Amino acid sequence: MDIDAINALSQYFGAALAKTKHDLAPKDFDWYPYGTLNNFHILGQMLSNGNRNFLDGVGESLIADIGAADGDAAFFLESLGCRVHVVDFPPTNFNGCRGVRLLKQALQSNVDIQETDLDSQFKLPAQRYEPAFFLGILYHLKNPYLALESLAKYAHYAFISTRVARFNVSKGAEGTTGEVNETRIALQKAPVAYLVAPDETNNDATNFWMFSEAGLKRILDRCGWDIVDFMTLGNTVDSDPATAQGDERAFCYVRSRHF
């Protein structure tokens, strides 16, 4: 099945899932506010040639959805006949994983849910996945090297996305924090990662490392991954780690050298 067909089906599923969420109307927590199923549209822009039919090679293999929010993508993939494991950590999940657990019950789903702190112990429920979805998680981890290196031993293929930055600060913000970021520095072609302050990005202390494009490609290579498809979107001119206007995301489809 081509990614465009998968994306179209995800939108139908998303509409039905939105109604389910509305009908459930939990009073003790809010649903994750962003549409994670929209990632399939982005994957449709990125994937090329035979990679566009990535699900055709899954068969009876397991898929991992790591950092799954409310599990929308996991439940959608299950609706296509896939076997899926969700891996998330309640203290950093938007609603403490109550959303994904309530949906599993309401949908009578067989998706397995494992709660794991990937910063302290990268352990997945099964020994092999094909593929793993690791979208929007990397910059929320203190130890991205550990995570990427460990994931390469579990997943034959993976979809990875993270926020990246071309400059250390937004234009005109140089020197506003004293000695730190006194000069605006171009980062794109240097294999680096920028460590944000606790309140620097969305006032969210769970943000840590913002890679440059070259830094992301370097760490993927050092951790045992070959990049199969790659793209960036958002502010692809002068992105930075802090502002909403400077938000740029990298998406990649990678293959582990361990398999």
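Values for this structure:
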{"quantity": "His258 accessible area, 1.4 Å probe, all protein chains in place, Å² to nearest 10", "calculated": "110"}
{"quantity": "Prolate/oblate/rounded label for segment 36-135 (Cα gyration tensor, a/c 1.5)", "calculated": "prolate"}
{"quantity": "Entries in Lys19/Lys142; Lys123/Lys217; Lys142/Lys189; Lys21/Lys217; Lys142/Lys217 that, when Cα-Cα distance is taken, lie over 26 Å", "calculated": "Lys19/Lys142; Lys21/Lys217"}
{"quantity": "Scattering curve values for segment 100-204, log₁₀ I(q)/I(0), Debye with Cα scatterers, q = 0.15, 0.17, 0.20, 0.21 Å⁻¹", "calculated": "-0.82, -0.95, -1.14, -1.20"}
{"quantity": "Tilt relative to the chain, helix 144-154 - C-alpha long axis, 0 to 90 degrees, to 10", "calculated": "30"}
{"quantity": "Extended-chain gain in nm, criterion 0.36 nm per residue less alpha-carbon gap, Glu60 and Thr116", "calculated": "17.7 nm"}
{"quantity": "Order of exposure, largest accessible area first, which applies to Glu200, Glu182, Glu149 with probe 1.4 Å", "calculated": "Glu182, Glu149, Glu200"}
{"quantity": "Within the chain, helix-based [θ] at 222 nm, where runs of 4 or more DSSP H residues each add -39,500 (n - 2.57), nearest 500", "calculated": "-8000 deg cm²/dmol"}
{"quantity": "Option label - Rg and Dmax of the Cα atoms in Å computed here, alternatives (i) 21.7, 68; (ii) 18.3, 56; (iii) 20.5, 65", "calculated": "(ii)"}
{"quantity": "Angle in degrees between helix 3-24 and the longest Cα principal axis of the chain, rounded to the nearest 10", "calculated": "80"}
{"quantity": "Computed P(r) (all Cα pairs; segment 205-259; 10 Å bins; percent)", "calculated": "21, 47, 27, 5"}
{"quantity": "Förster radius 22 Å - calculated FRET efficiency between Asp28 and Thr92 (Cβ-Cβ, nearest 0.05)", "calculated": "0.75"}
{"quantity": "Rounded FRET efficiency, nearest 0.05, which uses the C-beta distance separating His41 from Ala205 and R0 of 45 Å", "calculated": "0.90"}
{"quantity": "Assigned charges on the beta-carbon of Lys, Arg, Asp, Glu; the chain dipole about Cα centre (debye)", "calculated": "400"}
{"quantity": "Viscosity 1.567 mPa s, 4 °C: Kirkwood-radius Stokes-Einstein D of segment 18-64 over Cα pairs, µm²/s", "calculated": "94"}
{"quantity": "Nearest-ten-degree value, helix 98-107 long axis tilted from longest Cα axis of the chain", "calculated": "30"}
{"quantity": "Rg to Rh quotient for segment 1-91, alpha carbon positions, Kirkwood Rh", "calculated": "0.98"}
{"quantity": "Global form of segment 82-157, assessed from the alpha-carbon gyration tensor, a/c cut-off 1.5", "calculated": "oblate"}
{"quantity": "Segment 149-252 - Rg over Rh from alpha carbon coordinates, Kirkwood radius", "calculated": "1.00"}
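The values are calculated or read from the model by the stated rules, or taken from the named source; none is laboratory data. None of these values were measured; they are calculated from a predicted model. Positions of Cβ are backbone-derived with ideal geometry, glycine not excepted, and every protein chain shown enters the neighbour counts. Ligands, DNA and RNA are excluded from the accessible area calculation, which covers all protein heavy atoms including side chains. Shrake-Rupley method; radii C 1.70, N 1.55, O 1.52, S 1.80 Å.
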